[in-house]
Amino acid sequence: MFDRAILHMDLDAFFVSVEVLKDSSLKGKPVVIGGTKGRGVVASCSYEARRFGIHSAMPMKMALKLCPDVIIRQGDSDAYSRHSKLVTSVIESEAPVFEKASIDEFYLDLTGMDRYFGTWKWSKELKEKIKRESGLPISIGLSISKLVSKVGVNVGKPEAEKIIEAGTERDFFNPLSIRKLPSVGKQTYKKLSFMGVRIVKTLADIPPEFLQKEFGKNGLSLWKKANAIDNNPVVPYSEQKSIGQERTFQIDTIDVVGLKNYLTKMITKLGFELRQKGKLTSVITVKIRYTDFNTYTKQKRIPYTANDKVLIRYAHELFDKLYERRQLLRLVGVKLGGLTSGHYQVNIFDDTHKDISLLTAMDKIRKRFGVDAIMPASIMNKSNKKK
């Protein structure tokens, strides 16, 4: 019996699996979900596509070189959202405590259930119920912690059913590649490889002080993961519905350029907040209030994104449709709704590597110097033209 019993559930190749439900002819074929052929990146891919070396965040051009016959689907954010909610509702109806870690990942705290009936038997029955009611394949892993359960799933996917008995965590981790540890990215893997560290056991045996010296604060985290140490609790699920900002002017204005600049600044801050929280938005709403206090809003459903450039474009389009009276405004605002957690901190269907690199670089500056440290050049350019 476990001290804790933490179940990890992860929908297999979630976006692709939803597309297969819509079009059964895709089953068993190399399929990628992502942007356009010329400039997009891969958001998700089938296991058949992965055999060719294709992986998420890869440029679509490279995916086509690796597998010229790969089938590309643009992506359907509404369908993915619906199926995620369906799976969430099934888990919610059965689980005592669960955390929705992303659009396709869940953690369940099943501690103490053994006194009633077998935790593992219950877990497999829940897996089958999800498959019956959603039609989606899902992997499960059970252990004493979130970390170990997640690694168990990652090792066994697709359709994984992995149980790691209490006390055997290190034995399970030791022979694995360090790539199997969460958050060991490309650069960390490269540096560890140069150090001769390629399997978890080698990493686990390195003194934590040395890892801290080489990797900073992330060094201790690496050591803990390699030693299967994780006491993080399952956080009960509650989805933040929206975030937003408004600006009320001291002097009412009719300056369209200035108003759009305010929207751009708001979106820049909100986009940064989304990315820091690992969130994506699927609904954008723009709000205006005239000098007579009449207030109007317009909203639009959009593909999941946290990309400033995309959100700014939608905000300006909505503002142009909304601001018809051309009278003085006392307030302008924007709200991002339909939030969900996700692996992708940018538009998962149509971003380029240039977009991703630029956002990453700007966010590093904002983390260090504050959210106002860097703003789109368009704001400054328009301000200079005004002068």
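The values are calculated or read from the model by the stated rules, or taken from the named source; none is laboratory data. Just so you know, these numbers come straight off a predicted model, no measurement behind them. So basically every Cβ, Gly included, is an ideal-geometry build from the backbone, and we count neighbours across all protein chains shown.
To keep it simple, each residue is scored yes or no on (1) over 20 Å from the mean Cα position of the chain (by Cα); (2) of a type outside the set (D, E, K, R).
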residue: Lys85; (1), (2): no, no
residue: Glu128; (1), (2): yes, no
residue: Arg132; (1), (2): yes, no
residue: Leu147; (1), (2): no, yes
residue: Ile163; (1), (2): yes, yes
Criterion violated by Tyr323 - all others in (1) closer than 30 Å to Val32 by Cα; (2) at pLDDT 85 or above; (3) in contact with a strand residue (DSSP E or B) (Cβ under 8 Å, 6 or more places away or on another chain) satisfied: (1)
Screening Glu209, Glu214, Glu246 for residues that are loosely packed, with under 15 Cβ neighbours inside 10 Å, in contact with a strand residue (DSSP E or B) (Cβ under 6 Å, 6 or more places away or on another chain) and of a type outside the set (A, V, I, L, M, F, W, C) leaves only Glu246
Condition check for Ser84: modelled with pLDDT under 95 and either surrounded by 15 or more Cβ atoms within 10 Å (Cβ to Cβ) or not in a helix (DSSP H, G or I) (or both): yes
Quick count over region 23-59, residues being surrounded by fewer than 22 Cβ atoms within 10 Å (Cβ to Cβ) and part of a helix (DSSP H, G or I), is 6
Can you list the helices (runs of 4 or more DSSP H) found entirely within region 99-175 that contain at least 1 residues being closer than 20 Å to His83 by Cβ? 119-134, 146-156
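Let's see how each residue does on (1) among the hydroxyl-bearing types (Ser, Thr, Tyr); (2) touching a helix residue (DSSP H, G or I) at 6+ places or on another chain (Cβ under 7 Å); (3) in the same structural domain as Leu280 (by TED's automatic domain parsing):
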site: Leu21; (1), (2), (3): no, no, no
site: Val32; (1), (2), (3): no, yes, no
site: Glu48; (1), (2), (3): no, no, no
site: Arg51; (1), (2), (3): no, no, no
site: Met60; (1), (2), (3): no, no, no
site: Asp69; (1), (2), (3): no, no, no
site: Gln74; (1), (2), (3): no, no, no
site: Ser81; (1), (2), (3): yes, no, no
Restricting to region 103-136, what's the tally of residues that are more than 11 Å from Met9 (Cβ to Cβ) and either out of contact with any strand residue (DSSP E or B) (no Cβ under 7 Å at 6 or more places or on another chain) or of a type in the set (Ser, Thr, Tyr) (or both)? 18
Limited to region 290-320, what total is found for residues that are in contact with a strand residue (DSSP E or B) (Cβ under 8 Å, 6 or more places away or on another chain), in contact (Cβ under 8 Å) with a residue 60 or more places away in the chain and more than 19 Å from Tyr80 (Cβ to Cβ)? 1
Run Ile72 past the list (1) in a helix (DSSP H, G or I); (2) more than 23 Å from Asp10 (Cβ to Cβ) and report the number of the one that doesn't hold. (1)
Give the residues of region 193-241 that are over 21 Å from Ile6 (Cβ atoms), among the small types (Gly, Ala, Ser) and in a helix (DSSP H, G or I), sorted by residue number. Ser193, Gly219
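Residue by residue, here is whether (1) at positive phi; (2) surrounded by fewer than 20 Cβ atoms within 10 Å (Cβ to Cβ); (3) without any contact (Cβ under 8 Å) to a residue 12 or more places away in the chain holds:
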{"residue": "Val148", "(1), (2), (3)": "no, no, no"}
{"residue": "Val151", "(1), (2), (3)": "no, no, no"}
{"residue": "Val155", "(1), (2), (3)": "no, yes, no"}
{"residue": "Lys162", "(1), (2), (3)": "no, no, no"}
{"residue": "Thr168", "(1), (2), (3)": "no, yes, yes"}
{"residue": "Phe173", "(1), (2), (3)": "no, no, no"}
{"residue": "Lys180", "(1), (2), (3)": "no, yes, no"}
{"residue": "Val200", "(1), (2), (3)": "no, no, no"}
{"residue": "Leu203", "(1), (2), (3)": "no, no, no"}
Across region 52-102, what is the number of residues that are farther than 30 Å from Glu125 by Cα, out of contact with any Asp or Glu (no Cβ under 9 Å at 6 or more places or on another chain), in contact (Cβ under 8 Å) with a residue 12 or more places away in the chain and among the charged types (D, E, K, R)? 2
Being in a helix (DSSP H, G or I) and not polar (S, T, N, Q) is the filter; apply it to region 182-192 and report the residue that is surrounded by the most Cβ atoms within 10 Å (Cβ to Cβ). Leu192
Among the residues of region 290-298, is there at least one that is hydrophobic (A, V, I, L, M, F, W, C), farther than 29 Å from Glu99 by Cα and more than 27 Å from the chain's Cα centre (by Cα)? yes
Could you tell me how many of the residues in region 264-289 are over 30 Å from Lys100 (Cα atoms) and out of contact with any strand residue (DSSP E or B) (no Cβ under 6 Å at 6 or more places or on another chain)? 2
